[in-house]
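Every number here is computed from the coordinates shown, using simple stated rules; none is lab data. Since we're looking at a predicted model, the values are computed, not measured. As a convention, Cβ positions derive from the backbone with ideal geometry for all residues, glycine included, and neighbour counts pool all protein chains shown.
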Amino acid sequence: MALCYIEIKIDIPFAQNLKDKRSILTSITSRISKKFNVSIAEIDFNDVWKSAKLGMAIISQNGRVFDSMIESIIEYIETTYPEIRVSITHKELL
């Protein structure tokens with residue numbers, strides 16, 4: 001069994017208030033969780049309108065799938081929400 005933990009920073013430049021941010025984050029986290037079967041939650045920048053940090057855990061029988069899965073998740077976010085900027089801030093394999 002292999003575990004991968006990553007932190008993703010998301011910039012939401014069009015958010016005008018926390019309600020806008022929460023709406024986008026709820027959509028992102030539920031879609032990613034369902035589509036990729038990963039655990040995901042907001043872990044930082046809770047009171048900042050235009051930024052969020054998401055923590056994501058991926059568990060697999062084989063650690064070789066992590067890189068392609070992470071790339072697919074990032075690509076999915078960028079294509080589904082083109083106005084959002086995404087960057088990986090931390091990645092850890094256990």
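Computed quantities for the displayed model
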read-out	value
Filtered residues of region 1-60 (kept if within 20 Å of residue 91 (Cβ to Cβ) and among the acidic types (Asp, Glu))	7, 11, 42, 44
Selection from region 1-43 of residues that are closer than 25 Å to residue 63 by Cα, loosely packed, with under 14 Cβ neighbours inside 10 Å, aliphatic (A, V, I, L, M) and touching a residue at least 24 places away in the same chain (Cβ under 8 Å)	1, 3, 43
Residue ID - farthest from residue 45 (Cα to Cα), chosen from residues in region 19-35 that are hydrophobic (A, V, I, L, M, F, W, C) and out of contact with any Leu (no Cβ under 8 Å at 6 or more places or on another chain)	32
Restricting region 46-76 to residues that are small (Gly, Ala, Ser) and without any contact (Cβ under 8 Å) to a residue 40 or more places away in the chain, the residue that is surrounded by the fewest Cβ atoms within 10 Å (Cβ to Cβ)	68
Residue 87 being free of Cβ contacts under 8 Å to residues at least 24 places away in the same chain, under 26 Å from residue 17 (Cα atoms) and within 12 Å of the chain's Cα centre (by Cα)	no
